[in-house]
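**Student:** Quick one: the structure is below, and I'll ask about it shortly.
The values are calculated or read from the model by the stated rules, or taken from the named source; none is laboratory data. Source: prediction; values computed, not measured. Every residue, glycine as well, gets a Cβ built from its backbone with ideal geometry; the counts of neighbours run over all protein chains shown. Surface accessibility is based on the protein's heavy atoms, side chains included, excluding ligands, DNA and RNA. Shrake-Rupley method; radii C 1.70, N 1.55, O 1.52, S 1.80 Å.
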Amino acid sequence: MVGRMTRASASPPLTLRPLQPADCDRLRTWIDSSDALWQWSGPRSFTWPLDDGQLRRDLAARAHSGRPLAAVDESGEMVGHVLLEAEPDHGLGYIGRVAVAPDQRGRGLGIALMRATVGHGF
């Protein structure tokens with residue numbers, strides 16, 4: 001899950017949209033070990049091995065609270081994921097479950113994802 005930028009570049013443009021059940025299969029392939037799962041979700045949310053059922057149940061449970069978002073590039077390909085939770089009554093927001101597709105890492109997408117997330121939610 002942890003990557004390093006291999007070259008300096010401008011952050012590619014990303015668009016955030018609600019995560020859809022059809023996105024779960026792609027997202028699951030990015031989480032390829034119990035360590036990666038723990039890094040992505042923490043100790044409580046999911047169990048290894050991660051499956052589409054767990055992701056779909058979580059997506060349904062968050063229909064009215066936290067917002068799992070897919071980050072898509074200019075071609076429409078899902079290249080990232082982030083969970084944005086807002087607590088407007090307390091003036092707080094949380095960003096979690098950040099992931100960039102393994103084959104897209106090192107291109108500045110993590111930076112672009114964080115910029116898009118902050119712009120979307122705050």
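**Student:** Looking at region 60-94 only, could you name the residues that are open to solvent by 70 Å² or more (accessible area, probe 1.4 Å) and in contact with a strand residue (DSSP E or B) (Cβ under 9 Å, 6 or more places away or on another chain)?
**Tutor:** S65, R67, E74, E87, L92, Y94
**Student:** For L113, all conditions in the list (1) open to solvent by less than 20 Å² (accessible area, probe 1.4 Å); (2) part of a strand (DSSP E or B) hold save one; what is the number of the exception?
**Tutor:** The failed condition is (2).
**Student:** Out of (1) under 16 Å from V72 (Cβ atoms); (2) crowded, with 17+ Cβ neighbours inside 10 Å, what's the single condition that is false for R97?
**Tutor:** It fails just one condition, (1).
**Student:** Of all residues in region 14-52, count the ones that are part of a helix (DSSP H, G or I), open to solvent by 30 Å² or more (accessible area, probe 1.4 Å) and either over 18 Å from M78 (Cβ atoms) or touching a helix residue (DSSP H, G or I) at 6+ places or on another chain (Cβ under 8 Å) (or both).
**Tutor:** Number satisfying all stated conditions: 8.
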